[in-house]
Amino acid sequence: MASVPNTTQASVKGEVQAGGAWLTPARVVLAAVLLLCALQLFFRVSDARAHGEVEGAAALAMIEQQPAASITPTGQVPAALQASLATVFTPRNGVLSLALCQGAQCSSVFARPGALPCESGLSWPALCVAVPSHVNIGDTLKVGYDLQPYLWSALLDLGVTIVLGAGVLLVWRGKQAAPQAVAGKAGSPAAAPAAGSDRDPLTGLLNRVAFEAAVKRHNETSTPSATGETDGCLMYFDLDRFKAINDTHGHIAGDLVLKAVAGRLRYTLGNGAVIGRLGGDEFAALLIDVSTQTTIQQMGRVLIEQVSKPIQMGGLTDSVGLSIGAFMLKRGELAVGDILHRADLAMYEAKRGGRGRMMFFEEAMDAASRSRAQVQIDLSKAIQDREMFMVYQPQVDAFDSIRGVESLVRWRHPTRGLVSPDEFISIAEQTGLIVPLGKMIIELVCADLVALRAQRLALPYVSVNLSLRQLADPAFVDEVQEALKRHGLNPTDLEFEITESTAMVGQAAKETATLKRLAEMGFRLAIDDFGTGYSSLGRLLDLKVDKLKIDRVFVAAITKPNFDPALLELMISLAKRMGIKSVAEGVENVDQVVWLRQAGCQMMQGDLYSRPMNHSQLISWLRLQEGDNDFDEGVWSPTMTMEESEV
Ligand code: C2E
Ligand code: MG
Ligand code: MG
């Protein structure tokens, strides 16, 4: 079973793997081979030198037996000596030349045909060795010793060393590939794919094709697992915040993150797992011999913890999160594509559930995914056929005066009936259909507002929810302007709601430019679902936001046991201090209103006042408010500003 190591140890080694990627096994073996080659050469040359010295000492002894005068460098070398030297120093013993020297003055006493005079060091093919005389101090015999046999022998040794080095590398690679070649481990005849071609070049993990092939072999083998309880688990990984890393720090930093994550996955999962990079920031692992979901759960926790640790990218440090989908497999039950799809679905649910978590596949996820796919198919047709309409929910101030309404889209599906935006807005955002859908929503809102005013009903503004994709659309502002013009409306007639996370995304991006342009043109901006995302106060001020809409989870908490008012009070006072109006969303009962008013919340919206109404219901509702004496004081007048009404 793959082990779950001690986290600190895992982290340290993970960092080493991530940071020390240059220390690959191939490089280590190459360095060792080069070192051995250098040592071989060194020892061979030393051997040649030693032999040269021995031969030189023997020659010197022979020379020194001659009368002194005849062997001085200036004297003639006796023919008898030359002859005896030639008999002793046959071509076999390697001496190529002998020269007797007094200081710098040398005289050749023996030389093989073609041999160069021995100078010093290397006189190819001879190594020049100087042997000092112990009889005539100051004399030296320079021996030209043949290096060639030593070099041939060294070359032979080098060849053997290189072959051995390559062998070690191949064996090591084979061992590394062993867990990857699951089928081989499980007894299948299928061999592991050839090293190199099956790897993702960036991370060194298996690429998608090789990973799927490994899962297929595992799936097709009939050998039962060691534990007998399960046939393994497929884990599907997706990084959280990876896009932000690429957008903020660039693609080189993104690559470093992917490498670091691959190293951490490899180390944490150990040898009992086949790991692959499926593309982008998606990875997957096949865990063999895992017995229970509990083991996987524990492993998932460690993986999330490890991957989420800060990553060094040159001078920068940042971090990503990890969402995991897990599918416990039964061999041969499903095709590889279905196994991956199930793990992917579970991962998608992990993302939807808030990221940085692991989910196991459940059958319901498959049904949900099919239904999402169907929604996606139906949605574009629905936009064309104008199956959408708007409903409106009033927003009132502290005096119950109607300030405006929020528009909420509804889909009248031909077979499914009314579909809520929760089911299709996120799909529209993912597919880009939100752009034509958003355009249609603005059109519908403008038409409804004009029709309402035609009935002489007062309504200061309609608030419209916007998505990030709409803000990134370069045509958005012009299209809104055109729609207003067509319907004879002004920017002050509309307010745009953007969620807290949308407002905080892309500090210098086109979304920000669009928001600023909208604010400059006179449209009001409201931050929706405030408190559920993250905010930078500087950015809120910079965007000239008009309202903070406090998310309904905080409002709902007011009437719950153990209610802690700290967060709500903080949000209301923050809005007040920033000169921004606070709006409580999802107000459902009078106790909430009492608490919110007393805490200084300026506006309310929720089912207590009215559930979202269609256009004709809104008209009747507004009429009722006008006619209702209890409301008289609070009825809004188009010329009255909020501040005036508060006086
Ligand atoms: P949101 O903008 O925060 O809208 C408020 C949601 O809370 C609405 O749900 C509304 O019906 C619901 N709500 C209001 N008062 C209460 C209450 O007292 N109790 C409870 N339990 N719920 C209350 P709805 O209409 O289902 O919309 C859900 C989300 O879908 C919206 O959240 C918004 O994010 C999105 N959405 C709706 N219409 C549009 C649209 O036209 N464009 C875009 N981009 N998003 C939209
Ligand atoms: Mg909203
Ligand atoms: Mg909201």
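The values are calculated or read from the model by the stated rules, or taken from the named source; none is laboratory data. Quick caveat: nothing in here was measured; it's all calculated off a predicted structure. Using ideal geometry, Cβ is built from the backbone for each residue, glycine included, and neighbour counts are taken over all protein chains shown. Side chains are part of the model used for accessible areas, which takes the heavy atoms of the whole protein and leaves out ligands, DNA and RNA. Shrake-Rupley method; radii C 1.70, N 1.55, O 1.52, S 1.80 Å.
For the range 182-361, just say rounded, prolate or oblate: build the C-alpha gyration tensor, square-root its eigenvalues into a ≥ b ≥ c, call rounded for a/c under 1.5, and beyond that prolate if a/b exceeds b/c, oblate if not. Prolate shape, in that a/c is at least 1.5 and a/b is the bigger ratio.
Listed here are the pairs K309/K516; K485/K544; K439/K544; which of them are more than 32 Å apart at the Cα? Violating the 32 Å limit, Cα to Cα: K309/K516.
Restricting to DSSP loop positions (anything but H, G, I, E, B) with no more than 15 other Cβ atoms inside 10 Å of their own Cβ, which chymotrypsin sites (Phe, Trp or Tyr not before Pro) remain in the range 399-450?
Numbers: sites: F399, W411, F424; in loops: F399.
Loop-located and lightly packed - F399.
Loop-located GluC sites (Glu not before Pro) across the range 260-353 with a Cβ neighbour count of 13 or fewer within 10 Å are E333, with loop assigned by DSSP.
Mean sequence separation of contacting Cα pairs (under 8 Å, at least six apart), scaled by the length of the range 528-577, corresponds to a relative contact order of 39 percent. Compared with the alpha-carbon gap, the fully stretched path from A599 to R352 is longer by 85.6 nm at 0.36 nm per residue. Helical content of the chain, expressed as a calculated mean residue ellipticity at 222 nm, amounts to -15500 deg cm²/dmol (DSSP H runs of 4 or more residues, -39,500 (n - 2.57) each, divided by residue number, nearest 500).
Taking Cβ separations below 4.7 Å as the criterion for a possible disulfide partner, the isolated cysteines in the chain are C37, C233, C446, C601.
Below 8 Å, C-alpha to C-alpha, sequence gap of six or more: please give me the relative contact order for the chain in percent. Let's see the in-between values first.
Details: 1034 pairs, mean separation 59.9, N = 647.
Averaging sequence separation for qualifying contacts and normalising by length gives 9 percent for the chain.
DSSP beta bridges fully contained in the chain are about 70 percent antiparallel.
Quick one: what do you get for the range 372-629 if you divide its Cα Rg by 2.2 N^0.38 Å? Can you show the working numbers first?
Values: Rg = 18.1 Å, N = 258, 2.2 N^0.38 = 18.1 Å.
Computed over Cα atoms of the range 372-629, the ratio equals 1.00.
Work out which trypsin sites (Lys or Arg not before Pro) in the chain are exposed loop sites (DSSP not H, G, I, E or B, at most 12 other Cβ within 10 Å) and give the longest gap free of them. Value returned for the longest uninterrupted segment is 1-329. Within the accessible area of the chain, the carbon and sulfur atoms contribute 57%, probe 1.4 Å, all protein chains present.
Only Lys, Arg, Asp and Glu count, each charged at its Cβ (+1, +1, -1, -1), so figure out the dipole size of the chain about its Cα centre, rounded to 20 debye. List each step's numbers first, then the result.
Details: 59 positive and 71 negative charges, 400 e Å.
With only Lys, Arg, Asp and Glu charged at Cβ, the dipole is about 1920 debye.
Placing a label point 7 Å from the Cα of Q455 along the Cα-to-Cβ direction, the residues of the range 381-396 whose backbone N falls under 19 Å from that point are 389-396. Partners of K549 within straight-line reach, counting lysines whose Cα lies under 18 Å from its Cα and excluding those fewer than 8 residues away in the same chain: K576, K581.
For a straight C-alpha distance cut-off of 20 angstrom, the aspartates and glutamates reachable from K142 (same-chain residues fewer than eight places away being disregarded) are D47, E53, E55, E64, E119. In this rough spin-label picture, where each label sits 7 Å from Cα along the Cβ direction, the Q105-S501 distance is 9.7 nm.
Rounded to the nearest 0.05, what FRET efficiency is calculated for A86 and L41 with R0 set to 35 Å and r the Cβ-Cβ distance?
Details: r = 31 Å, r/R0 = 0.89.
Using R0 = 35 Å, I get an efficiency of 0.65.
Summarising the strand pairing of the range 372-629, around 45 percent of its internal DSSP beta bridges are antiparallel. Using a/c under 1.5 as the rounded threshold, could you call the range 442-586 rounded, prolate or oblate? The axes a ≥ b ≥ c are square roots of the C-alpha gyration tensor eigenvalues, and prolate needs a/b larger than b/c, oblate otherwise. Judged from the Cα gyration tensor, the range 442-586 comes out oblate (a/c at least 1.5, b/c at or above a/b). Rounded to the nearest 0.05, what FRET efficiency do N490 and L567 have when you use their Cβ-Cβ distance and R0 = 35 Å? The value I calculate is 0.45. Phi-derived couplings, Karplus 6.51 cos²θ - 1.76 cosθ + 1.60 at θ = phi - 60°, listed residue by residue for the range 87-97: 6, 6, 8, 6, x, 5, 8, x, 7, 9, 8 Hz, with x used for Gly and Pro.
Note on Q617 and D255: with the Förster distance fixed at 60 Å, the Cβ-Cβ geometry gives a FRET efficiency of about 0.60. The Cα trace of the chain gives Rg and Dmax of 41.9, 146 Å, the first to one decimal, the second as a whole number. Taking all protein chains into account, the per residue accessible area for the chain stands at 49 Å² (1.4 Å probe).
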